[in-house]
1. Within region 152-179, track down each residue that is free of Cβ contacts under 8 Å to residues at least 60 places away in the same chain and in contact with a strand residue (DSSP E or B) (Cβ under 9 Å, 6 or more places away or on another chain).
2. Pick from region 31-46 the residues that are free of Cβ contacts under 8 Å to residues at least 24 places away in the same chain and farther than 16 Å from residue 134 by Cβ: which of them is surrounded by the fewest Cβ atoms within 10 Å (Cβ to Cβ)?
3. Can you tell me which residue in region 48-74 is surrounded by the fewest Cβ atoms within 10 Å (Cβ to Cβ), limited to those that are over 25 Å from residue 98 (Cβ atoms) and in contact with a helix residue (DSSP H, G or I) (Cβ under 8 Å, 6 or more places away or on another chain)?
4. Kindly check whether there is at least one residue in region 115-138 that is in contact (Cβ under 8 Å) with a residue 24 or more places away in the chain, part of a helix (DSSP H, G or I) and in contact with a helix residue (DSSP H, G or I) (Cβ under 7 Å, 6 or more places away or on another chain).
5. If I filter region 96-108 for residues that are part of a strand (DSSP E or B) and surrounded by 14 or more Cβ atoms within 10 Å (Cβ to Cβ), do I get at least one hit?
6. Quickly run through region 74-89 and pick out the residues that are assigned to a loop (DSSP other than H, G, I, E, B) and farther than 20 Å from residue 46 by Cα.
7. Of the residues 198, 204, 183, only one is out of contact with any helix residue (DSSP H, G or I) (no Cβ under 7 Å at 6 or more places or on another chain), assigned to a helix (DSSP H, G or I) and at pLDDT 90 or above; which?
8. Criterion first (in a helix (DSSP H, G or I), modelled with pLDDT under 95 and under 22 Å from residue 170 (Cα atoms)) does residue 71 satisfy it?
């Protein structure tokens, strides 16, 4: 779980990172077409990824906490899909969490050295931003919302704001509504599935043009 500090200006969120403003896309799960919006946002980052690069979808979290179960739920749903050439790490049965994150990252680098990682995690934010999914470039810092020192990971990151931040964040995560997390997991997994389909289809069509 990571913290989120979001300011809204004309549908663009600016995140403070080392004194610089970074623009990130967001998706409101309560609006129609949310999965398509997420797919479009992810595709912007996949456009420059070479076809021979293996996409790894790293779903971080634990099923022992309702709010922090977003990652494993996304991983579980994706594991039921045909994800084409992408690999999924982190499911309800085999979650990736604080205790095994470093080991999992090491295994990924050993088995899939040429990879593009999409890291997914839950986060806490302002009350008015609950139910929003944020897509951004660069790694996320899992566990920072609970003051845990864990390795950064991800070429891009997808975070879901599942509840409000503030006092006793651990208890807030435990008391997060399961329905909200389930809906968010559905939108993320469906959006990623569509993005992967379009990415591999476009790459295949590009290769066919050169072959012919």
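The values are calculated or read from the model by the stated rules, or taken from the named source; none is laboratory data. As the structure is a prediction and not an experimental result, all values here were calculated from the model. Cβ placement follows ideal geometry from the backbone for every residue including glycine, while neighbour counts extend to all protein chains displayed.
1. 152, 157, 164, 166
2. That would be 32.
3. Only one residue tops the list, namely 51.
4. Scanning region 115-138, I find no residue that is in contact (Cβ under 8 Å) with a residue 24 or more places away in the chain, part of a helix (DSSP H, G or I) and in contact with a helix residue (DSSP H, G or I) (Cβ under 7 Å, 6 or more places away or on another chain), so the answer is no.
5. Of region 96-108, the ones part of a strand (DSSP E or B) are 96.
Pick out the ones that are also surrounded by 14 or more Cβ atoms within 10 Å (Cβ to Cβ) and you get 96.
Yes - at least one qualifying residue is present in region 96-108.
6. Filtering region 74-89 for residues assigned to a loop (DSSP other than H, G, I, E, B) gives 80-86.
Correct list: 80 only.
7. Values: 198 fails: out of contact with any helix residue (DSSP H, G or I) (no Cβ under 7 Å at 6 or more places or on another chain); 204 fails: at pLDDT 90 or above.
Just a single option satisfies the conditions, and that option is 183.
8. Details: in a helix (DSSP H, G or I): yes; modelled with pLDDT under 95: no; under 22 Å from residue 170 (Cα atoms): yes.
Judged against the criteria, residue 71 is not a match.
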